[in-house]
1. Please report how far the C-alpha centroid of the stretch 93-127 lies from that of the stretch 173-238, rounded to the nearest whole angstrom.
2. Using a Förster radius of 22 Å, what is the FRET efficiency between residue 84 and residue 30 based on their Cβ-Cβ separation? Nearest 0.05, please.
3. Counting pairs of Cα atoms in the stretch 62-110, how many percent are more than 14 Å apart?
4. Compute the orientation-averaged projected area for the stretch 182-238 from the convex hull of its Cα atoms and round it to one decimal in nm².
């Protein structure tokens, strides 16, 4: 069955190459429906609040998850839809604090080199005492033997307990002032020095209860500041 087709305008340039005209009939293909996809954003502890301030997601379709253990806040937008958005902000210990390796054993020379790099976080006097003490380290070990006896029926056993007393030229404690978390204000805390002398060599361990307590307090304060920015949404404590 033939049809009459009207061509309103067709221009063929003179002297040009042959032109092939193709006429297609039928309905056009349906446009492709692109489904919105979910996505996740990760950043510092301010990321969820910044996203909420900029996008202002609907309160009824948004909630906030808080993990004090992980030091994180997650803003979840439209959790039951294909275009779900998750924005997670997390507190990260500062590289400077992590580099102290609190609770781990250091070699004398390695610690001396490292403390020189961190001297900007100490007063001039504190830095001089610690670094010079490590560079000219001297230690004396005195052994005290304590005898004890145990009497059981027909036998008596004797035990010798040896207690080492290490005397050295390092300060027992020193103060540092550095950020405990990335982007957070610096805090002052005391560091204790423990020296262990063994046949295999001498090691130094740094400990700081004050840094642990300050980090815990600061973590809670920083989380509360960001939770206050998201108070209009449902808060879920994990």
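1. 15
2. Between residue 84 and residue 30 the formula returns 0.25.
3. So the portion of pairs separated by more than 14 Å is 66 percent.
4. With every direction weighted equally, the projected area is 6.4 nm².
The numbers here are math on the coordinates, done by the rules we state, and not lab data. Computed from a predicted structure; not experimentally measured. Reconstructed Cβ throughout: ideal geometry from the backbone, glycine too, with neighbour counts over all protein chains shown.
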